[in-house]
1. Only helical DSSP H runs with n ≥ 4 go in: add -39500 (n - 2.57) per run for chain B, normalise by residue count and round the 222 nm mean residue ellipticity to 500 deg cm²/dmol.
2. At a 1.4 Å probe radius, carbon and sulfur cover how many percent of the accessible area of chain A?
3. Calculated from DSSP H runs of 4 or more alone, at -39500 (n - 2.57) each and per residue, what is the 222 nm mean residue ellipticity of chain A, nearest 500?
4. Between the helical axis of B:240-250 and the dominant principal axis of chain B, each derived from Cα atoms, what acute angle in degrees is found, rounded to the nearest 10?
5. Using the Karplus equation 6.51 cos²θ - 1.76 cosθ + 1.60 (θ = phi - 60°), what ³J(HN,Hα) coupling, rounded to whole Hz, does each residue of the range A:317-326 give in order, writing x for Gly and Pro?
6. At q = 0.07, 0.09, 0.10 Å⁻¹, work out log10 I(q)/I(0) for the protein assembly as shown with the Debye formula, treating every Cα as an identical point scatterer and leaving solvent out; two decimals please.
7. What would the Debye formula give as log10 I(q)/I(0) at q = 0.19, 0.23, 0.24 Å⁻¹ for the alpha-carbon point model of the range A:8-79, no solvent?
8. Percentage of Cα-Cα pair distances in chain A greater than 34 Å, rounded to whole percent?
Amino acid sequence: MASEGVKEYRTIRDIAGPLIFVEKTEPVSYGELVLITLPDGTVRKGQVLDTSKDIVVVQSFEGTRGMDKSCAVRFTGDIVKLDCSPDMLGRIFNGRGEPIDGGPRIVPEERRPIIGSAINPAARAYPREFIQTGISAIDGMNTLVRGQKLPIFSCSGLPHNDIALQVARQAKVRGTGEEFAVVFAAMGITFEEANYFMKDFERTGALERAVVFLNLANDPAIERLITPRMALTAAEYLAFEYDYHILVILTDMTNYCEALREISAAREEVPGRRGYPGYMYTDLATIYERAGRIRGKKGSITQFPILTMPADDITHPIPDLTGYITEGQLVLSRELHMKGIYPPIDVLPSLSRLMKEGIGPGMTREDHKQWNDQMYAAYAEGVELRGLVAIVGEEALSERDRRYLKFADEFERRWLNQGKYEDRDIEYTLDLGWELLAILPEEELTKIERKYIEKYHPKYRKKKAEEEKKEEAESELTKR
Amino acid sequence: MEVKTAGSVGEIYRISGPLVVAEGLKAKMYDVCKVGEEGLMGEVVGIVGEKVLIQVYEDTSGVRPGEKVVNTGMPLSVELGPGLLKSIYDGVQRPLPVLREMSGDFIARGLEAPALDRKKKWDFKPTVKKGDKVKGGQIIGVVQETDIIEHKILVPPNVPERTVVEVYEGSFTVEDTIAVLDDGTELKLYHKWPVRVPRPYVEKLPPEVPLLTGQRILDIFFPIAKGGTAAIPGGFGTGKTVTQHQLAKWADAHVVVYIGCGERGNEMTEILEEFPELIDPRTGKPLMERAVLVANTSNMPVAAREASVYTGITIAEYYRDMGYDVALQADSTSRWAEAMREMSGRLEEMPGEEGYPAYLASRLAEFYERAGRVKTLAGNVGSVSVVGAVSPPGGDFSEPVTQNTLRIVKVFWALDSKLAARRHFPAINWLTSYSLYAETLQEWFRQRFPEWPEIRRWMMEVLQEEANLQEIVMLVGKDALPDKQRVLLEIARYIREFILLQYAYHEVDTYCPPEKMYDMMKAIKELADIFYKALEMGRTVEEIENVEGRDELLKSKYEVDYKPKLQAALEKIRKNLLGE
């Protein structure tokens, strides 16, 4: 990769953590790709973090184990790039973008800097195409749209991977027949977890339409800083050059942030909250903001990042800063998981900010908005009442309150709970919700207009169905 | 004697992200420099010995030591003239649609584009004639900038009094000369102004006029004055951005400047798509006709984010100087503070609280102090009202940006995640929010709506009392309360659900004119009178709580023609309870 005439330096002054300090160099550019040759001949890659006439700071993506001052350092004169081609689909790369599936190197149509440029806000198209994931909790109450970034806030031990896989398997925009291609970036997850993803991709044939970047738990931590950028560069290329609709799964962003903190500490920067660098918001934004749609382009990038909240704490800097950038969040609940409910998505703290534009007539169904308000309010009320029951006992409750309790139970058991391979269409999700709403006294449905109640409430539907039957029978009779 | 720094050339010594250190460069603080072969735009933020520290507004990947740095000798300035309205700029006033034409859908580096269209011609009508004396800040003519805003052409504020020797009427580009002064100064339709310097005015005026927002909880309970300052802090998902959008859409300002500072790209797109289609209830024209957008999304360069709030407020001051009321929204000032923190860290300054620079408080104060209702140099009255969103980490208001902001601003709209979780919007907590303008502004309301201040105070008392009673209810249950207090709880519920609850996405209720607010306030007062009277007449609390007509009343606000529905609902309730 290094062009002819690139000078080799053996002028390493210090090595500290993942950083190498090189002196007496010709001018080296900021962000340049660096090749470091170890005494045993292995070559590692790195990137320039700070450059001056006196000293250059290089971060080694593969760590500094085994390095000494005699290592040869070559500055390639090029910034870190990814070889892009539609042939990336169906391939598996390591966290640095090198193929590890035994296949040939990618013959690049274009070599793109992984740093990426910001999408011009004036060029963006507002995301408003409903994606049906087949998961009720998402489609019904936290609707995903094409071009959105919607993370899963999980806790260790919860089935976030299953949800991500189910979304990857089932996500579709209805009526278009267009499928999603998946770009999958693993950062610091275990071999087992990665294998789980790979096996599922293989089994369902999704791998053919997937680009996989794997940085596993035993891979160098610093490499994680470039893995999501590699993945998003691939995603941008496929989406905006080849019209693919891309679903990017990034897991686990918590590991990414840990790597960021490690580099920051090694550089002796002033730490922000909990030791994470003050620029973590900006840094995360340069990842998450690479989702979206562009006016006049067919493709799109939808992001589905996964992060585990340390100690289940949603105010921890990682979920907190993420929530400020992403367009909502799906929060998983340990309590629901313990009850055996899958997916354990707690709809109360969850939110999809782009939902309002993606639902309604022509997209999902006319009653969806008001239905959602009613479902949310009713479930919230039911959950609140559970707290009360714990204090005063169920006997003290009124009939109305008992119905709300029943609603909350059924909501979790029947509506939220579904199979990992159960692909519900939006009508089913909505109608099932209506069945639950029928548990409540009808005058409690204050958030839904009368016309929708009459059209979708099971009571009227049944009546209508009976009437139709009757009419049919009558017409049969008259015919006879 | 001032050292000439313009044209001085130096060499890059060091690059660390957005910070570039140059040597051999003559510079004064805040000079704008062109950095490297690509001529990336940067600004001098420090001078250490022979070295000059420059914050660069673009990504510095690929730039190397030894490349040249050229000093323009000019501070970071914005172009002020016709064509600002309907524009969308980045943090350093580059027009984003023009950048798109130049570099495609992604923003490339080293692009330069004039902020104002150089080709477009404007019809200029002078208001001064030959021989008139003019001085800085004075109006010399007008241009119809959009259908609703007449752009007053100002003499640059720093020009001393001179006599007009030539003045032309007709169609001109912004660069054509439209008037000549006796010292040879040629005046154009636009002038430049350094963003970090507040534009001068004659005097500040007291905040006596409310900035009506069409949002009931704001206008009734926590009003902001024209020329006032307000902060909206809140964790994610509590509705900061929606509130800001609502203010931008419905505030009764002539001009709106919206700064998207380090926030989501899709949110800016939402404004861009929505504003041209939304109709201003006062003028009947699209909102975009009176808006200037400054967009520096979170993934755009951090130094430009730092500059974006200054760019925005300078544009706002310029329209103020024409005698307009300007509403400026900054979403979010926390991102701006973080940009300061990041640059400060790179400069290796001694950090203050949570890594923020020690000058955080003074920078925030300087910024908010540029708000105000003023007598302009031209003799008019204009105002800039500033509303800043604050995004406290973890929703914790004790952090430095929130705290330092609260020490400065006069209005505090506290967003509450609990209310948001209950889907009570706007999720502004009525117990912890405050407005220091509330008292002074009541006079304005009293003149137009005689009972407004009184009903407002009464409703506030009811809500306060409700909060106290709620604590008791938590302990002993609702049934243990005396009837009168239970009725009060019921009235408080109406205040919350009828007055406070207002959905931004409801086509009618998204905007509530003051007349309607007054009708609603009076209705609630009347309702309370009916309830208490009914209680006296021996009606039970249950009958009052479940009175028929309740739903009709609550839903009446969603009708365009709300008055008959509201009256009918009130009558129904009266009849059911009092039998009249």
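1. Value at 222 nm, helices only: -10000 deg cm²/dmol.
2. Carbon and sulfur: 49 percent of the exposed surface of chain A.
3. Calculated from helices alone, the mean residue ellipticity at 222 nm is -10500 deg cm²/dmol.
4. Approximately 90 degrees, to the nearest ten.
5. Result, ordered by residue: x, 5, x, 5, 5, 4, x, 6, 9, 6 Hz.
6. Normalising to I(0) and taking log10 leaves -0.69, -1.11, -1.32.
7. Here log10 of I(q) over I(0) equals -0.62, -0.94, -1.04.
8. The answer is 43 percent, as a whole percent.
The values are calculated or read from the model by the stated rules, or taken from the named source; none is laboratory data. Since we're looking at a predicted model, the values are computed, not measured. Note that each Cβ is placed from the backbone with ideal geometry, even for glycine, and that neighbours are counted across all protein chains shown. Calculation scope for accessible area: heavy atoms of the full protein, side chains included, ligands and nucleic acids excluded. Shrake-Rupley method; radii C 1.70, N 1.55, O 1.52, S 1.80 Å.
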